[in-house]
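All remarks here apply to the structure that follows.
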Amino acid sequence: MISQQDLQELKFKTLKHFWGYDNFRDSQEAIIDAVINEKDTLVLLPTGAGKSLCYQLPALLKEGTCLIISPLLALMKDQVNHLKSRGIEAEYLSSELDEYDAEGIYDRCKDGLTKMLYISPERLTNKQFLQNIEEIQMSFIAVDEAHCISEWGQDFRPSYQNIKDFRLNHPKIPCLALTATATSKVLEEIKIKLELKDPQVFQKSFRRENIRIFTEEISDKFQRVFDILKFTNESGIIYVRTRKEAEQLSEYLRKNKLNNVDFFHAGLTTKEKNTRQNIWNNSDNNVLISTNAFGMGIDKDNVRFVIHYSPAPSIENYYQEIGRSGRDGKESFAFLLWNKQEILNFDQILKNQIPNKSEFLKIINYLYSIFQVAEFELPEKVFQLNSVGIQNFTKLSNAKIKNVLNFLHNQEIIYFNENKSLSSLQLLMQADEIDQLPQKDAYFIELMLRTISGITTHKVMFSEQQVSSKIGVDIHLIKERLKELQQKGYVEYIDGALSSIKFLKPRDERVINSAYWKLFEHIQKSKIQKWEEMKFYIEDHQYCKMKLILAYFGEKNSKNCGQCSVCEKNKHSIFGKNISDQITNILGKKPSTIEELSIQLSYHSKENILENLIFLLDSGKVKMLNFRTYALA
Ligand code: ADP
Ligand code: MG
């Protein structure tokens, strides 16, 4: 047993040695102490606060391996790479690894070499895992993004329910739960569903002192974004709603000579996404225009601004997204641009994507019937889903269909993959059987054998584009031929450009009809409720923006931030010499519009600037060049 003082020293030494930091942030140390003392612990800290360190550091100090449950493979990979680069032994298990690799990882855990093992919650029911874990000395269990256990949240992951049983089977192992999004209701749910015994709770105010929040009602948003970017040669994110918006805005800005912008959305290939994210990560003035596909796992500390080109669907989403700015603690800006027309449109869009019960069932039954899945059956295959087909049959909107498919995906009833990926091909016959096929088919298969090697023995990923340029045949023709061969049962072909779906649970009409429909209905209601709350937040002119957000997260009686758009407007004393001087200073360098002035003056409200300008115009110090631009007289 080491003394308290030695432990104290050891903590700091470890922090310095592996992370290079001199100090813990606010509550990190207290949390780490609780974990080291084997207490069940619940941590509620905002995004970017440094929650990972709260399990990573104790994992190093304690004997054995810490088991970390995380919802996303991308997050696990990110963290493990990070840890490895710091010289720390950490691993993750994913279905991508084959058994051999997994065995190697288990062995290193058994030998006490690997200090952290990241897994997804599904793994907790895997036989091989459960057998191996019995021989591994576990130090403690860390449940990251613990709010995923909450049934009503949009991040709900049914597999998080597996944790409870796992804990009951390992009653001596303490548990640390961490989350950034939780209302008091969700916190209670986490405590109960994770079986936290008399947990020590660490909860810090969600207030971010260094983020200045501005909401602006505006019709010409392109122009506004351009104005903001023109003067900020810094890193930022612009969130848009659709892929098309991301592309159009990026094109507009580039046309206007802003070359440090690019767009990012789920329609890009993994390679493109990685490249763009890397450029952005390593730059201090790159701006990504993105749908909400971009976000998870961002670990960049000098994001200086986040612009919401359109409102997020809920305050949770919104705050999470703007929370990606200013992780270094320096002043950062969040702009939300909105207008009434757009809000009405979103009301409509939201309403239109919610099917009634019979529509809900129609979509699901269609899926089971086109792929010929009988009651209680669970096919192994991955099917290709043609969305036009569902639309034609059900006569329902794409939005409703998507909503239901996403629901089924989130509930782990199906695995629905919309991402474009490489296609794959495997030959389903022996090579020597090819000769017996009709000549046309035999010829084409031979051609494929020569161009894509390996397909006789396993599934091979390939791109039709490359095959097309190699053999000089049109892409569409290649796809057509492969589909024909697939129908004849000669090959297994998956077209990467189509969505794919795999069933994860046996078909069960009764459950879909009752429990799942109820859950679906509930989630839709809660979506609407959240949007209503967001709308109030956007349109309100009276309350401090930060205060409204904190109230939403259950923090009562918090004080005004003094620096958001509402607080700025309520400061009456700004009108005066000070800002007039600043205005003349700026105009001395270059004639400017009010928008440009506003940005350079740390976003003072336009009314304020206008008042000062009128004063300067009246006193003859400033003149107007045209109806928008002002200059020194
Ligand atoms: P969270 O999970 O709470 O969103 P992370 O664990 O991802 O936050 O940490 C956010 C950032 O803060 C990371 O870049 C991390 O390296 C950094 N960080 C964590 N603890 C400290 C510390 N004590 N000193 C300096 N930086 C820290
Ligand atoms: Mg985290």
Which of the numbered conditions does residue 58 fail, given that it passes all the others? Conditions: (1) assigned to a helix (DSSP H, G or I); (2) within 16 Å of ligand 2 (Cβ to nearest atom); (3) within 25 Å of the chain's Cα centre (by Cα). (3)
Inside region 504-527, can you point out the residues that are closer than 30 Å to residue 314 by Cα and surrounded by 14 or more Cβ atoms within 10 Å (Cβ to Cβ)? 504, 512, 513, 516, 517, 519, 520, 521, 523, 524, 526, 527
Select, from 74, 34, the only residue that is closer than 27 Å to residue 183 by Cβ and within 14 Å of ligand 2 (Cβ to nearest atom). 74
Looking at region 133-158 only, could you name the residues that are away from ligand 1 (no atom under 16 Å from the Cβ), over 23 Å from residue 200 (Cβ atoms) and either open to solvent by 10 Å² or more (accessible area, probe 1.4 Å) or among the charged types (D, E, K, R) (or both)? 134, 135, 136, 137, 151, 152, 153, 154, 156, 157, 158
Can you list the helices (runs of 4 or more DSSP H) found entirely within region 345-431 that contain at least 2 residues being among the aromatic types (Phe, Trp, Tyr)? 357-370
Residues located in region 67-82, provided they are within 12 Å of ligand 1 (Cβ to nearest atom) and either assigned to a helix (DSSP H, G or I) or open to solvent by 60 Å² or more (accessible area, probe 1.4 Å) (or both): 75, 78, 79, 82
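Residues checked against (1) polar (S, T, N, Q); (2) over 29 Å from residue 565 (Cα atoms); (3) not in a loop (DSSP other than H, G, I, E, B):
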| residue | (1), (2), (3) |
| --- | --- |
| 209 | no, no, no |
| 237 | no, no, yes |
| 268 | no, yes, no |
| 285 | yes, no, no |
Please go through region 4-34 and give me each residue that is within 10 Å of ligand 1 (Cβ to nearest atom) and closer than 25 Å to residue 175 by Cβ, ordered by number. 15, 19, 24, 25, 26, 28, 29
Tabulated pairs, region 40-66, first not assigned by TED's automatic domain parsing to the domain that holds residue 110, second not aromatic (Phe, Trp, Tyr), C-beta under 7 angstrom, 6+ apart or interchain: none
When the residues of region 98-118 are filtered to those that are within 24 Å of residue 42 (Cα to Cα) and away from ligand 2 (no atom under 16 Å from the Cβ), which remaining residue is surrounded by the fewest Cβ atoms within 10 Å (Cβ to Cβ)? 115
Any hit, region 366-375, residues being surrounded by 20 or more Cβ atoms within 10 Å (Cβ to Cβ) and among the hydroxyl-bearing types (Ser, Thr, Tyr): no
Just checking, which of 580, 602, 558 is assigned to a loop (DSSP other than H, G, I, E, B), out of contact with any Lys or Arg (no Cβ under 6 Å at 6 or more places or on another chain) and hydroxyl-bearing (Ser, Thr, Tyr)? 602
Does residue 161 count as at pLDDT below 95 and either more than 16 Å from ligand 2 (Cβ to nearest atom) or small (Gly, Ala, Ser) (or both)? yes
When region 183-207 is checked residue by residue, the ones that are more than 26 Å from the chain's Cα centre (by Cα) and either surrounded by 18 or more Cβ atoms within 10 Å (Cβ to Cβ) or in a loop (DSSP other than H, G, I, E, B) (or both) are 195, 196, 197, 198, 199
Step by step: first the residues of region 287-303, then only those that are within 16 Å of ligand 1 (Cβ to nearest atom) and under 15 Å from residue 234 (Cβ atoms), then the one that is most open to solvent (accessible area, probe 1.4 Å). Which residue is that? 301
Inside region 37-66, the number of residues satisfying the requirement of being away from ligand 1 (no atom under 14 Å from the Cβ) and either surrounded by fewer than 18 Cβ atoms within 10 Å (Cβ to Cβ) or not hydrophobic (A, V, I, L, M, F, W, C) (or both) is 10
From the set of residues in region 211-229 that are among the aliphatic types (A, V, I, L, M) and in a strand (DSSP E or B), which is surrounded by the fewest Cβ atoms within 10 Å (Cβ to Cβ)? 211
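The values are calculated or read from the model by the stated rules, or taken from the named source; none is laboratory data. Predicted, not measured: the structure shown is a model, and the values here were computed from it. Glycine also receives a Cβ, built like all others from the backbone with ideal geometry; neighbour counts cover every protein chain displayed. These area figures cover heavy atoms from the full protein model, side chains too; ligands, DNA and RNA do not enter into them. Shrake-Rupley method; radii C 1.70, N 1.55, O 1.52, S 1.80 Å.
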